[in-house]
């Protein structure tokens, strides 16, 4: 590895030290419904995002709230001795991707069948220090 490539990789590693990732896999909610809630907290301060999720009536907000609490806890584990409320953490990115789909059949009139697709999703949440 050359010196230039090594220096750039060290810079990337230093930048990633402040970032923390939390993932939620195979959540049984459709990705479209989860994205509506994820858009509310993208780019917000972590504690403001927690308040938004706590008082949102949508079912998907409970799952994202748990995921955000997990990301905060991951940050505390990674940066021992620092207080997350003083660190000014914010939601850097939140991605909702589709996951496996359960396919079922619903009987329809005249001997036909309609397909029901029960969707699920993967959520990736990244928090960073401001």
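No value in this document is a laboratory result; all are computed from the given coordinates. Note that this is a predicted model, so its numbers are computed, not measured. As a convention, Cβ positions derive from the backbone with ideal geometry for all residues, glycine included, and neighbour counts pool all protein chains shown.
Remarks
- Checking (i) 21, 19, 14; (ii) 52, 15, 10; (iii) 37, 20, 10 against the coordinates, the calculated semi-axes √(5λ) of the Cα gyration tensor in Å falls under label (iii).
- Rough spin-label spacing in nm, given labels placed 7 Å along Cα→Cβ, for residue 102 and residue 33: 1.3
- Counted residue by residue at 0.36 nm each, then reduced by the alpha carbon distance between them, the extension gain from residue 95 to residue 76 reaches 4.6 nm.
- Fewest-first ranking of 89, 40, using other Cβ atoms within 10 Å as the exposure measure: 40, 89
- Most mobile listed residue (64, 52, 12) in the chain, GNM with C-alpha springs under 10 Å: 12
- Centre separation in Å (Cα based) which lies between region 57-130 and region 13-51: 7
- Taking all Cα pairs closer than 8 Å and separated by 6 or more residues, the relative contact order of region 19-129 comes to 42 percent.
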